[in-house]
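The values are calculated or read from the model by the stated rules, or taken from the named source; none is laboratory data. Since the model is a prediction, treat every value here as computed from it, not as a measurement. For neighbour counting, all protein chains shown are included, and Cβ atoms are generated from backbone atoms with ideal geometry for every residue, glycine included.
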Amino acid sequence: MIAIVDYRAGNLTSVARALQSLKVPCVVTDRADELLRADRVIFPGVGAAGEAMRNLRGSGLDACIRKIAESGKPLLGICLGTQVIFEYSEEDSRTSCLGIIPGGVKRFPEGLKEKGDPLKVPHMGWNRVQFRGNHPLFEGIPGNAEFYFVHSYYPAPSNGSDIVGETEYGIRFASAVSRRNLVAVQFHPEKSGRYGLRILDNFSRWDGNYAQ
Amino acid sequence: MLSKRIIPCLDVRDGKLTKGVKFKGNIDIGDPVDVARSYYEQGADEIVFYDITASSEGRDIMIDVVKRVAETIFIPFSVGGGIRTLEDMRSVILAGAEKVSVNSGAVENPKIISDGAVAFGCQCVVLGMDVKKVGKSAKIPSGYEIVIQGGRKYMGIDALWWAREAENLGAGEICLNSIDADGTREGYELELTHLIATNVRIPVIASGGAGRKEDLLDVLTTAKADAALIASIVHYGTYTIAELKEYLSGNDVKVREIW
């Protein structure tokens, strides 16, 4: 059973629907005991970091997520869930976050350009991810596959060894990070067609081991 | 590097497509869920549903369509048409749409943009703009005016001003429809698209006028649109989405090539 963390950060049913299409049993829950009992946990979310951290602290789920990260249980962060796994986010006049992976989350700078054209923020749409290090989550994904992104802030891990995927958008940023049983992506696998579903399917079978 | 998006638009009335969609082999399909699945499998980057239902019973049918689409396709999709309140937005998003498009509802009550952005996030709120070329004047300095009711009612609002205002209010994206080009199949309104796309910092989807594959190339390069909305060009089987993408890719436009 995969438990999807419900902390009132946007509509979480899309991840559940994607898992249902793969016939993977899942439950959307805000209960710590249910999350701790699950075989695997997905920590999704859209919205702003400040509000997300307030909800996590208010419900005590912040401690629960840290516990799961330490437990060895496979844990997948998606989008905002990925961002709040870092130590801080520049969003909402610097939000202190969960600190599970060293580093921060930064705003795309003004004036980014590609081929001479100014880039829009949010980074919205399909982009490639250059995967590094053969993480089991990305098994069977071709190099030219693309994933759906929508975000204005990007992960900036302190340690390059935590990066398992990178994406170009005016700058090169970490679009997938991993540490032991935790793997976290900035894009939305549940909205990235067949290859996104493949990542969720891989997660449903991953044992949480990854040797960097 | 971000890909330019190709987005088929489906008009729905009372839960059925208003015009059948013909795929190769000329089979006419009227169920929006089946057609959405087919475009998903053919490589659409996103899908737009436009609900032209007038009755409230029809609205409930649309919510059911949205739910079934959300169980079937795993790419983003948006729903627009008749969205006037935060509750309208909520019901569409809870049914499974990523984005909700507000058009005349936002012209009449711009606060719905900011309320929607606060409640669901900017990325959920698309401003749909219907625009007509009217010539520059003191009141309409860009020469493009906002219209509603399919172009019958002029609102006295400058299109460029409105696009910037919507961005400031928290819209995450603009779907820009030229009423002059819409349905002509003679190409997008490039001047209008360029004007808006280069003067806001949020993505702009160009809409109205696609008839040839060259039209997509023009709007995505010369006019700087971030995405192109298409309808009859694929509904009537003139091109498949894959053929359009192959052409664009061959002309140095970055598109998603595998799906």
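List the strands (runs of 3 or more DSSP E) that sit entirely inside the range A:141-212 and contain at least 3 residues that are among the small types (Gly, Ala, Ser). Spell out how you get there, then give the answer.
On the way: elements: A:146-151, A:153-157, A:163-169, A:171-179, A:182-185.
It comes to A:171-179.
In the set A:Leu19, A:Leu80, A:Leu56, which member is under 17 Å from the mean Cα position of the chain (by Cα), more than 14 Å from every other protein chain (Cβ to nearest Cβ) and in contact (Cβ under 8 Å) with a residue 40 or more places away in the chain? Spell out the reasoning first.
Working: A:Leu19 fails: more than 14 Å from every other protein chain (Cβ to nearest Cβ); A:Leu80 fails: more than 14 Å from every other protein chain (Cβ to nearest Cβ).
Every option except A:Leu56 fails the conditions.
Only residues in the range B:94-105 that are under 15 Å from B:Gln149 (Cα atoms) count as the first member; pair them with residues that are part of a helix (DSSP H, G or I), Cβ under 6 angstrom, at least 6 apart or cross-chain, and list the lot.
B:Val102/B:Ile112; B:Gly105/B:Ile112
Please go through the range B:227-248 and give me each residue that is free of Cβ contacts under 8 Å to residues at least 60 places away in the same chain and either on the phi > 0 side of the Ramachandran plot or of a type outside the set (Ser, Thr, Tyr) (or both), ordered by number.
B:Ile233, B:Glu243, B:Glu246
Provide a single number: the residues in the range A:175-193 that are surrounded by fewer than 24 Cβ atoms within 10 Å (Cβ to Cβ) and in contact with a Lys or Arg (Cβ under 8 Å, 6 or more places away or on another chain).
Looking only at that region, the number is 1.
For residues that are within 11 Å of another protein chain (Cβ to nearest Cβ) and not in a strand (DSSP E or B), scanning just the range B:170-198, find the one that is farthest from B:Lys132 (Cα to Cα). Break it down into steps so the answer makes sense when it comes.
Here is the first cut: in the range B:170-198, the ones within 11 Å of another protein chain (Cβ to nearest Cβ) are B:172-174, B:197-198.
Narrowing further to those that are not in a strand (DSSP E or B): B:172, B:197-198.
Values: B:Gly172: 23, B:Ala197: 16, B:Thr198: 18 Å.
Here the answer is B:Gly172.
Considering only the range B:202-259, give the helices (runs of 4 or more DSSP H) lying wholly within it that have at least 3 residues that are closer than 30 Å to B:Ala117 by Cβ and of a type outside the set (Phe, Trp, Tyr).
Numbers: elements: B:213-220, B:232-235, B:241-250.
Fully inside the range B:202-259 and qualifying: B:213-220.
Would you point out which residue out of A:Ala69, A:Ala18, A:Ala63 is crowded, with 24+ Cβ neighbours inside 10 Å, part of a helix (DSSP H, G or I) and modelled with pLDDT of 95 or more?
Details: A:Ala69 fails: crowded, with 24+ Cβ neighbours inside 10 Å; A:Ala63 fails: crowded, with 24+ Cβ neighbours inside 10 Å.
After applying the criteria, what remains is A:Ala18.
Within the range B:1-19, work out how many residues are in a strand (DSSP E or B) and either within 14 Å of chain A (Cβ to nearest Cβ) or touching a helix residue (DSSP H, G or I) at 6+ places or on another chain (Cβ under 6 Å) (or both).
Residues of the range B:1-19 that are in a strand (DSSP E or B), as a first pass: B:5-13, B:16-17.
Next cut, either within 14 Å of chain A (Cβ to nearest Cβ) or touching a helix residue (DSSP H, G or I) at 6+ places or on another chain (Cβ under 6 Å) (or both) only: B:5-8, B:10, B:12, B:17.
The total comes to 7.
Find the residue count for the range B:118-127, including only residues that are more than 18 Å from the chain's Cα centre (by Cα) and assigned to a helix (DSSP H, G or I). Steps first, please.
Of all residues in the range B:118-127, those more than 18 Å from the chain's Cα centre (by Cα) come to B:118-121.
Narrowing further to those that are assigned to a helix (DSSP H, G or I): B:118-120.
Here the count works out to 3.
Does any residue of the range A:24-39 turn out to be closer than 21 Å to A:Tyr154 by Cβ and within 14 Å of chain B (Cβ to nearest Cβ)? Reasoning before the result, please.
Taking the range A:24-39 and keeping what is closer than 21 Å to A:Tyr154 by Cβ, we get none.
No, the range A:24-39 has no match at all.
I'd like the full set of residues that are part of a loop (DSSP other than H, G, I, E, B) and either of a type outside the set (Gly, Ala, Ser) or buried (at least 23 other Cβ atoms within 10 Å of the Cβ) (or both), limited to the range A:81-99.
Our first condition is that a residue be part of a loop (DSSP other than H, G, I, E, B); within the range A:81-99, this holds for A:84-85, A:90-94, A:97-99.
Selection gives A:Val84, A:Ile85, A:Glu90, A:Glu91, A:Asp92, A:Arg94, A:Cys97, A:Leu98.
Can you pull out the residues in the range A:164-185 that are within 13 Å of another protein chain (Cβ to nearest Cβ) and touching a residue at least 60 places away in the same chain (Cβ under 8 Å)?
Passing the criteria: A:Tyr169, A:Gly170, A:Ile171.
Among the candidates B:Ala119, B:Ala97, which residue alone is closer than 30 Å to A:Gln20 by Cβ and buried (at least 19 other Cβ atoms within 10 Å of the Cβ)? If you could, list the steps in order and put the result at the bottom.
Values: B:Ala119 fails: buried (at least 19 other Cβ atoms within 10 Å of the Cβ).
Exactly one of B:Ala119, B:Ala97 is closer than 30 Å to A:Gln20 by Cβ and buried (at least 19 other Cβ atoms within 10 Å of the Cβ), namely B:Ala97.
Return the pairs, sorted by first residue and then second, in which the second residue is among the basic types (Lys, Arg), the first residue lies in the range B:11-38 and is modelled with pLDDT of 90 or more, the beta carbons are less than 6 Å apart, and the residues are 6+ apart or on different chains.
Going by the 6 Å Cβ cut-off, the qualifying pairs are B:Val33/B:Arg68.
Can you name the number of the only condition in (1) assigned to a helix (DSSP H, G or I); (2) out of contact with any Leu (no Cβ under 6 Å at 6 or more places or on another chain); (3) β-branched (Val, Ile, Thr) that A:Val24 fails?
Failed condition: (1).
Could you please let me know if A:Ile199 is more than 15 Å from the chain's Cα centre (by Cα) and either aliphatic (A, V, I, L, M) or more than 11 Å from chain B (Cβ to nearest Cβ) (or both)?
No: the conditions fail for A:Ile199.
So, in the range B:123-144, exactly how many residues are under 24 Å from B:Val79 (Cα atoms) and of a type in the set (D, E, K, R)? Break it down into steps so the answer makes sense when it comes.
The first filter runs over the range B:123-144 and keeps only residues under 24 Å from B:Val79 (Cα atoms), leaving B:123-132.
The next check asks that each one be of a type in the set (D, E, K, R); those that pass are B:130, B:132.
Qualifying residue count, the range B:123-144: 2.
Inside the range A:113-134, can you point out the residues that are more than 8 Å from chain B (Cβ to nearest Cβ) and in contact with a strand residue (DSSP E or B) (Cβ under 7 Å, 6 or more places away or on another chain)?
Result: A:Val129, A:Gln130, A:Phe131, A:Arg132, A:Gly133.
Residue under question is B:Ile75, and the condition is that it be in a loop (DSSP other than H, G, I, E, B), in contact with a strand residue (DSSP E or B) (Cβ under 9 Å, 6 or more places away or on another chain) and within 14 Å of chain A (Cβ to nearest Cβ); does it hold?
Working: in a loop (DSSP other than H, G, I, E, B): yes; in contact with a strand residue (DSSP E or B) (Cβ under 9 Å, 6 or more places away or on another chain): yes; within 14 Å of chain A (Cβ to nearest Cβ): yes.
Yes: the conditions hold for B:Ile75.
For the range B:81-113, name all the residues that are within 14 Å of chain A (Cβ to nearest Cβ) and assigned to a helix (DSSP H, G or I).
Residues of the range B:81-113 that are within 14 Å of chain A (Cβ to nearest Cβ), as a first pass: B:89-100.
If the condition is that a residue be within 14 Å of chain A (Cβ to nearest Cβ) and assigned to a helix (DSSP H, G or I), then B:Met89, B:Arg90, B:Ser91, B:Val92, B:Ile93, B:Leu94 are the ones that fit.
Condition test on A:Leu137, is it outside any strand (DSSP E or B) and either within 14 Å of chain B (Cβ to nearest Cβ) or under 30 Å from A:Lys23 (Cβ atoms) (or both)? Give the steps one after another, and end with the answer.
Numbers: outside any strand (DSSP E or B): yes; either within 14 Å of chain B (Cβ to nearest Cβ) or under 30 Å from A:Lys23 (Cβ atoms) (or both): yes.
In short, yes.
Which count do you get for residues in the range B:143-167 that are buried (at least 16 other Cβ atoms within 10 Å of the Cβ) and free of Cβ contacts under 8 Å to residues at least 12 places away in the same chain?
Residues meeting the conditions: 1.
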